[in-house]
Amino acid sequence: MLAAYIHAVATDDPGAEEPAGTRERLKDRFPRGATRRMTQLGLLMGAVLDPLRLTEMDTVVYASEFAESRALEGFLDSFPSASPTLFQTSIHPSAVQQWLIQRQQAVRTFFPMTGGPHLVAQALQVALLADTPRSIFCGGDERGTWLLEAGAASMRTFAFALALSRDPLGAMGEIKLAPSDHASGDLSLQRFFDALQGRESLALSPTAGLWLTLDWR
Amino acid sequence: MALVSPTPSVYLAAYGCLTAFGNASATYAALCNGERALTLQPALGNRGGDAVPLALCRGRALDETAPPNWLPYVQELVTTLPAGDWGSPRRPVFVTSSNFGVGSLYAYRQTRERVHLDYGTPSSCVDWLRRELGWGENVSTFSHACVSAHLGFLQATRALHAGLADEALVFSFDFLSPFVAGGFNALKILNSEFPAPYENRASGSIGLGDGAAYAVLTRERSELQITAQALHNEMHHFTANQADGAGFAACIQQIMPAVGGRRLWAKGHGTGTLEAGRLEVAALEQAFPAAPLVSWKGSLGHTLGSCGAVELAIAAECLKGEYIPGTVGSHAPGFSATVAFDPLPGRAFDGVVCTSNAFGGAHAALLLSHE
């Protein structure tokens, strides 16, 4: 069984807020002028990672199903005069990089992941197998426009980050992944985000062969 | 999670790759002969654009089709994969890519034909590929631009040593499209010049290539082993490295304790850009002053997220073969005397340090050696 204690959680649920609204809401949390170059998901990832005070020795696991949907739309729209800025911004895992580069915060081990209904289980497994004292499991997506109409972007914008370690002292919760006989299961990134935001306990199969429990203190 | 400890060894039970030259042995032979797969082609395929150096699989067009026209090439590659219930609970698959099927989104944007949408997002592309290849659902996906494959190797190693897997398959692919060729062309580093990695010339440039590869990792002893693995992310700039090369050194230094008395050569990232090339050469020379350095991207092009796996397969061929291909497409003077332009005698060495770099100052390295 893989397990870790939760020491910090941060979430941001902007609802229907457009990127400009997010930029205005969060501008005081970033250096002056920095937000102009950041995507909505980049702003949100920065907002949720900031309180966790990352260090170089943290393992960072970032999960996103669709990642930089708005930048991707913009880059695809820019052809035949392809935009170099939107190209580099559209590449996974730009959202986390935007914030870390702004902070000049090196990270030795960074696992950007993507996937569908089993992404939470897979990313948690990576975070729980990390060889550093602390793992940061973060994730999110941003609502698309024309890619959403095409079914190729998230319907919802959200971001989360949680700090995990083996130290029970001062923990606010615990998360476990245990082997199970379940032949199927799923846990979407959005569902996991809702559980974190509402401090909701979970006990379910997030993918075949595993059982996840999330408990709060 | 524990205190940071050296990455344990893992064995390379099987490997294979696909490049514009064909499979691993064909690619190895072509590189030993100094052949260059890159040719000048329009960056936007049938929509034209600048002529840039691209190396596509034989007979494949850059323009997207539905389903993607690279599927038969992947299917051919996996025929050489050891049979088994890949994607089952004990035999996980770690898929790594930078672009997945994003070329299909470009095709959709250009044509509005919804048939392309089935392959456009990373998850839809991998799920489609998984079903086409007959794999189960235990498929994790990593995407970190050009160090993607190394993440798959590291997580597969951890899963094996945690007792979560009997064997692990790392599968990596990146096939070119107008999306990616247009993007790098917009960054100006993909232009009409052929790349010349580590060559001391006035301007740098890269080429791009199709690539796919697999590695089956196990704890069971076999001829070749991945003795050490390392990652480091500078987070200094999206498209530039720290000027003192500290990011390169921080990654490479993690490998050094595992070297022992091995006689090493180095397979660098070496895309053909000048600044990163100089920094990489300096860092490798400082860490491994006796190790000759080669890059193969002047021939194969940069195979992006698959490059770490493609070049691992070729490096494995080198460790079994008579020669190590030199830095094809480049000529003296190099950035350092350690740069090898011509083939090296394989028997003079018993291990290779393989490095990859990516956007954001991401670095990855591994040591592949005889058991």
Using every alpha carbon pair in the protein assembly as shown, what percent of pairs falls into each 10 Å bin from 0 up to the bin containing the largest distance? 4, 19, 31, 28, 15, 3, 0
Using the Cα centre as the reference, give the magnitude of the dipole from point charges on the C-beta atoms of chain B (Lys, Arg: +1; Asp, Glu: -1; all else neutral), rounded to the nearest 20 debye. 140 debye
Lys, Arg +1 and Asp, Glu -1 on Cβ, resulting dipole of the stretch B:1-120 about Cα centre, debye, nearest 20: 120 debye
The stretch B:96-158: spread of alpha-carbon positions along the three principal axes, whole Å, largest first, is 43, 26, 12
What does the stretch A:165-217 give for Rg and for Dmax, in Å, if only its C-alpha atoms count? 11.9, 36
Could you point to the residue in B:Cys354, B:His144, B:Ser295 farthest towards the positive end of chain B's charge dipole, with +1 and -1 charges on the Cβ of Lys/Arg and Asp/Glu respectively? B:His144
Using only Cα atoms, what is the ratio of the radius of gyration of the stretch B:243-302 to 2.2 N^0.38 Å? 1.13
Leading residue at positive end of dipole, the protein assembly as shown (Cβ point charges), from B:Thr96, A:Phe160, B:Phe175: A:Phe160
The ratio Rg/Rh over the Cα atoms of the stretch A:1-120, Rh being the Kirkwood inverse mean 1/r radius, stands at 0.97
Sort A:Trp211, B:Trp135 by Cβ crowding within 10 Å, fewest neighbours at the top. A:Trp211, B:Trp135
State log₁₀ I(q)/I(0) for the stretch B:138-209 at q = 0.19 Å⁻¹ as given by the Debye formula over alpha-carbon point scatterers of equal weight, solvent excluded. -0.84
One checks the Cα atoms of chain B and finds Rg and Dmax, in Å, of 19.1, 59
So for the stretch A:108-185, what are the equivalent ellipsoid semi-axes in whole Å, largest first, each being the square root of 5 times an eigenvalue of the Cα gyration tensor? 28, 17, 12
Using Stokes-Einstein with the Kirkwood hydrodynamic radius over Cα pairs, what translational diffusion coefficient do you get for the stretch B:13-82 at 10 °C and a viscosity of 1.306 mPa s, in µm²/s rounded to a whole number? 117 µm²/s
Given unit charges at Cβ for Lys, Arg (+) and Asp, Glu (-), the dipole magnitude of the stretch B:224-370 about its Cα centre in debye, nearest 20, is 240 debye
Extent of the stretch A:63-130 along each principal axis, from alpha carbon coordinates, in Å, largest to smallest? 43, 32, 12
With springs only between Cα atoms under 10 Å apart, run a GNM on chain A and tell me which of A:His92, A:His182, A:His118 wobbles the most. A:His182
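With Rg and the Kirkwood Rh both taken from Cα atoms, where does Rg over Rh land for the stretch B:11-218?
0.98
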Listed with the fewest Cβ neighbours within 10 Å leading, A:Met113, B:Met256 appear as B:Met256, A:Met113
Net charge, A:Asp58 excluded, C-beta distance under 10 Å - Lys, Arg +1, Asp, Glu -1: +2
For chain A, convex hull of alpha carbons as volume per residue, Å³: 121 Å³
Where Lys and Arg each count +1 and Asp and Glu each count -1, what net charge lies around B:Ala348 among other residues with Cβ under 13 Å from its Cβ? +1
For A:Phe110, which sequence-distant residues (separation of 5 or more, or a different chain) have an amide H within less than 5 Å of its own amide H, given hydrogens modelled in the peptide plane? A:Val60
Per GNM of chain A with C-alpha springs under 10 angstrom, the most fluctuating residue out of A:Gly33, A:Gly74, A:Gly140 is A:Gly33
Starting from the Cα gyration tensor of the stretch B:224-370, multiply each eigenvalue by 5, take the square root, and state the resulting semi-axes largest first in whole Å. 21, 17, 14
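We did not get these values from a lab; they are worked out from the coordinates using the rules stated. Predicted model only: the values in this text are computed from it and were never measured. All Cβ positions, glycine included, derive from the backbone under ideal geometry; neighbour counts span all protein chains shown.
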